[in-house]
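Student: This structure is in structure tokens; I'll ask about it shortly.
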Amino acid sequence: MSETIKIAYLYEDLMNTYGDSGDVKILSFLLKEQGYDAQVDNISLDMDFNAFDYDFLFFGGGQDFEQSVVATDLQRHRQTIKDYIEDDKPMLCICGGYQFLGKYYETSGGKTIQCLDILPLHTVFKADSRMIGDTEYKTEWGTVKAFENHSGRTYFDDKKMLKPFGTMIEGYGNNPDDKQEGMRYKNVIGSYSHGPILKNENVARAIADKIVQAHKERMAAVSNK
């Protein structure tokens, strides 16, 4: 009988633009190759959630309205997500999900929307200069090719704590100035890459391996209780 790996998809019904749900489907397939079943739970509005019940967290991107709805509900889960991240557990956040890990995002109208304030980064929206198109960049796991479509420009407030996920070859990435794509902190990846990003098998397999390791650690902790 196969073991079950548990994946939490944060606000799957609201944060799933440009093929982001494909990332979870790809991971489920790769985990099946390694002999595991994948249970994917949609953690949505008004639901209880303990991140440590899961082996992997996924947070996709959403349109402006959906993000505004999520922003009002998300703060309930700040502490459990923060503790999960600090415990070195794996998480992948795309576009809006990536932005939500930071301090705030500032709308094109100048309104400041408070985010989770877990990681030292912030985002400023420039509605008149949208960054859209194919992207290519280098990561520790090799080259990634994907697609970006965002008006938010993300900046690191602590460049010693946060590292970029990749170095741009083509496209914008975090913003037009830094030539960097996404963010790495411990076992968390933030990225503006849709398409989905995990069509890049090099990255998908690396993350799948991290999920398996996290699952083994969670099962060992349960058996030791």
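Student: When you go through (1) open to solvent by less than 10 Å² (accessible area, probe 1.4 Å); (2) out of contact with any Pro (no Cβ under 9 Å at 6 or more places or on another chain); (3) in a strand (DSSP E or B) one by one for Ala146, which number turns out not to apply?
Tutor: For Ala146, the exception is condition (2).
Student: Please give the number of the condition Ser151 fails out of (1) buried (at least 20 other Cβ atoms within 10 Å of the Cβ); (2) modelled with pLDDT under 95.
Tutor: (1)
Student: Okay, next question. Quick test for you: out of Ser28, Ser108, pick the one residue that is over 18 Å from the mean Cα position of the chain (by Cα) and within 22 Å of Tyr18 (Cβ to Cβ).
Tutor: Checking each option against the conditions leaves just Ser108.
Student: I would also like to ask the following. Does the stretch 87-96 contain any residue that is open to solvent by 50 Å² or more (accessible area, probe 1.4 Å) and in contact with a His (Cβ under 8 Å, 6 or more places away or on another chain)?
Tutor: Within the stretch 87-96 (the criterion being open to solvent by 50 Å² or more (accessible area, probe 1.4 Å) and in contact with a His (Cβ under 8 Å, 6 or more places away or on another chain)), the answer is no, since none of the residues qualifies.
Student: Filter the stretch 1-32 for residues that are assigned to a helix (DSSP H, G or I), among the hydroxyl-bearing types (Ser, Thr, Tyr) and at pLDDT 90 or above and give the result.
Tutor: Hits for the stretch 1-32 are Ser21, Ser28.
Student: Considering only residues that are in contact with a Cys (Cβ under 9 Å, 6 or more places away or on another chain) and open to solvent by less than 10 Å² (accessible area, probe 1.4 Å), which ones fall in the stretch 55-66?
Tutor: Answer for the stretch 55-66, where residues must be in contact with a Cys (Cβ under 9 Å, 6 or more places away or on another chain) and open to solvent by less than 10 Å² (accessible area, probe 1.4 Å): Leu57, Phe58, Phe59, Gly60, Gly61.
Student: What is the number of the single condition among (1) within 18 Å of Asn187 (Cα to Cα); (2) open to solvent by less than 20 Å² (accessible area, probe 1.4 Å) that Trp141 does not meet?
Tutor: (2)
Student: Open to solvent by 40 Å² or more (accessible area, probe 1.4 Å) and touching a helix residue (DSSP H, G or I) at 6+ places or on another chain (Cβ under 8 Å): does that describe Ile81?
Tutor: The answer is no for Ile81.
Student: Over 30 Å from Arg76 (Cβ atoms) and either modelled with pLDDT under 95 or crowded, with 20+ Cβ neighbours inside 10 Å (or both): does that describe Gly171?
Tutor: When the stated conditions are applied, Gly171 passes them.
Student: Further question: Which of the residues that make up the stretch 110-121 are open to solvent by 30 Å² or more (accessible area, probe 1.4 Å) and touching a residue at least 24 places away in the same chain (Cβ under 8 Å)?
Tutor: Across the stretch 110-121, the qualifying residues are Ile113, Gln114, Asp117.
Student: Could you check how many residues of the stretch 174-183 are open to solvent by 40 Å² or more (accessible area, probe 1.4 Å) and touching a Gly at 6+ places or on another chain (Cβ under 8 Å)?
Tutor: 2
Student: I would also like to ask the following. Return the pair list, or none, for Cβ contacts closer than 9 Å from residues in the stretch 77-104 that are at positive phi to residues that are of a type in the set (Lys, Arg), at least 6 apart or on different chains.
Tutor: Matching pairs, first to second residue: Asp88/Lys186.
Student: Continuing with the same structure: Is it true that some residue in the stretch 123-135 is part of a strand (DSSP E or B), closer than 30 Å to Ala208 by Cβ and open to solvent by 70 Å² or more (accessible area, probe 1.4 Å)?
Tutor: Looking through the stretch 123-135, at least one residue is part of a strand (DSSP E or B), closer than 30 Å to Ala208 by Cβ and open to solvent by 70 Å² or more (accessible area, probe 1.4 Å).
Student: What single numbered condition from (1) under 17 Å from Gln180 (Cβ atoms); (2) outside any strand (DSSP E or B); (3) open to solvent by 30 Å² or more (accessible area, probe 1.4 Å) fails to hold for Gly102?
Tutor: (3)
The values are calculated or read from the model by the stated rules, or taken from the named source; none is laboratory data. Keep in mind the model is a prediction, meaning the values are calculated, not measured. Reconstructed Cβ throughout: ideal geometry from the backbone, glycine too, with neighbour counts over all protein chains shown. We work out accessible area using only protein heavy atoms, side chains counted, and drop any ligands, DNA or RNA first. Shrake-Rupley method; radii C 1.70, N 1.55, O 1.52, S 1.80 Å.
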